[in-house]
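So the structure is just underneath, and the comments pick up after that.
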Amino acid sequence: MPNISKKSMYKLLAADLDGTLVNEEKIITPRTFESLMEAQRRGVRLAISTGRPVEGARHLVEQLRMKDYGGCLISYNGALVHDCATGDVIFSQPIDTTLLPLLLRRAEEHCCAFVVYQPTHVLTTDASSPYVQYSGRNNRLPVHEAEDFLTEARGPLYKGLLVGDPDIMPALRDALTEELRGQMDFCLSETFFLECLAPGISKMKGLEAVAGHMNVKREEIMAFGDSDNDVSMIRYAGLGVAMGNAKENARRAADLITASNENDGIAAVVEEYVL
């Protein structure tokens, strides 16, 4: 357990989106919203850290007025980081697109859809997949099924996504990790979403970039998450918080477990340790 100093030491609050900052209706509850707005009014800065593309988080950045308060958006699980006030990119690491043909073959072999995000749409090999449709709704982007995926997938691409049966995803992750060691990293953001990222990319990497940009120390950071792709960020922060609905890996990594995303878990911690 870190040396927690109430209401004084935290200068940056970083939060995952799905399962953490937003509830199952994909909205920020009023209590959580007000706690984060008050934290910003007191000079604490925010970072949203998500596997979503930029467009999938933009409305929440605007709702929280992160441009006005100098927040940052960590998108694509840490592969792309923006300063919300200036729009400047402060970190960027796309995937190696020469690996796309192999990933497409592995997706077909395992009856998975494959997805990349374009600025205006979700590009996929199978628009009929309910998981792909979920991704489109979640990111407020239309889904387009490619006729020629490699031609239509225009870069830079910050991640690929294998989408399919949750029962096969852990084994597929392990197999691809071994096959492409040193060329690409893999993590599960949902039981049905296998993220394909550049080597070394994680939410911790994105949060490191934000901390350097803001001149904030690790011990001055509070981070909230609920899933496997949040573990690195939770461990990195001075106070790592797992939501009450968090998966076991996130709970084990955390210094503190709060209430669920449905029950204002973020607000409970912010009110106690920041406000």
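In segment 262-275, the residue that is most open to solvent (accessible area, probe 1.4 Å) out of those that are out of contact with any Phe, Trp or Tyr (no Cβ under 7 Å at 6 or more places or on another chain) and either over 12 Å from Ala15 (Cβ atoms) or without any contact (Cβ under 8 Å) to a residue 12 or more places away in the chain (or both) is Asn263. Taken together, the residues in segment 174-211 that are at pLDDT 95 or above, open to solvent by 60 Å² or more (accessible area, probe 1.4 Å) and within 19 Å of the chain's Cα centre (by Cα) amount to 4. Within segment 78-103, the residues that satisfy the criterion of being within 27 Å of Glu147 (Cα to Cα), not in a loop (DSSP other than H, G, I, E, B) and not aliphatic (A, V, I, L, M) are Thr97, Thr98, Pro101.
Looking only at segment 78-129, count every residue that is within 20 Å of Met66 (Cβ to Cβ), open to solvent by 50 Å² or more (accessible area, probe 1.4 Å) and among the charged types (D, E, K, R) and tell me the total. Selection size over segment 78-129: 1.
Only one entry in Arg252, Arg235 is closer than 19 Å to Thr50 by Cβ and assigned to a helix (DSSP H, G or I), namely Arg235.
Within segment 162-197, being of a type in the set (Ser, Thr, Tyr) and in contact with an Asp or Glu (Cβ under 6 Å, 6 or more places away or on another chain) holds for one residue alone: Ser189. If I filter segment 130-144 down to residues being in contact (Cβ under 8 Å) with a residue 60 or more places away in the chain and buried (at least 20 other Cβ atoms within 10 Å of the Cβ), which single residue comes out as farthest from Asp18 (Cα to Cα)? Of everything passing the filter in segment 130-144, Leu141 is farthest from Asp18 (Cα to Cα). A search for C-beta distances below 7 Å between a residue of segment 250-261 that is within 15 Å of Ala237 (Cβ to Cβ) and any residue that is in a loop (DSSP other than H, G, I, E, B), counting only pairs 6+ apart in sequence or on different chains, returns Ala250/Asp226; Ala250/Ser227; Asp255/Met1; Asp255/Pro2; Ile257/Gly244; Thr258/Met243; Thr258/Gly244. For segment 44-56, the criterion of a residue being in a helix (DSSP H, G or I), buried (at least 22 other Cβ atoms within 10 Å of the Cβ), touching a Ser or Thr at 6+ places or on another chain (Cβ under 9 Å) and at pLDDT below 95 is satisfied by at least one position. Tell me which residues, restricted to segment 57-77, are assigned to a helix (DSSP H, G or I), in contact with a helix residue (DSSP H, G or I) (Cβ under 6 Å, 6 or more places away or on another chain) and crowded, with 21+ Cβ neighbours inside 10 Å. Passing the criteria: only Asn77. Please verify whether segment 216-230 includes one or more residues that are farther than 19 Å from Gly206 by Cβ, open to solvent by 30 Å² or more (accessible area, probe 1.4 Å) and in a loop (DSSP other than H, G, I, E, B). Within segment 216-230, none of the residues are farther than 19 Å from Gly206 by Cβ, open to solvent by 30 Å² or more (accessible area, probe 1.4 Å) and in a loop (DSSP other than H, G, I, E, B). Of all the numbered requirements in (1) at pLDDT 95 or above; (2) in contact with an Asp or Glu (Cβ under 6 Å, 6 or more places away or on another chain); (3) open to solvent by 20 Å² or more (accessible area, probe 1.4 Å), Asn249 misses one, and that requirement is (1).
The values are calculated or read from the model by the stated rules, or taken from the named source; none is laboratory data. Just so you know, these numbers come straight off a predicted model, no measurement behind them. Heads up, the Cβs are rebuilt from the backbone with ideal geometry, glycines too, and the neighbour counts pull from every protein chain shown. Side chains included, ligands, DNA and RNA excluded: accessible areas come from the protein's heavy atoms. Shrake-Rupley method; radii C 1.70, N 1.55, O 1.52, S 1.80 Å.
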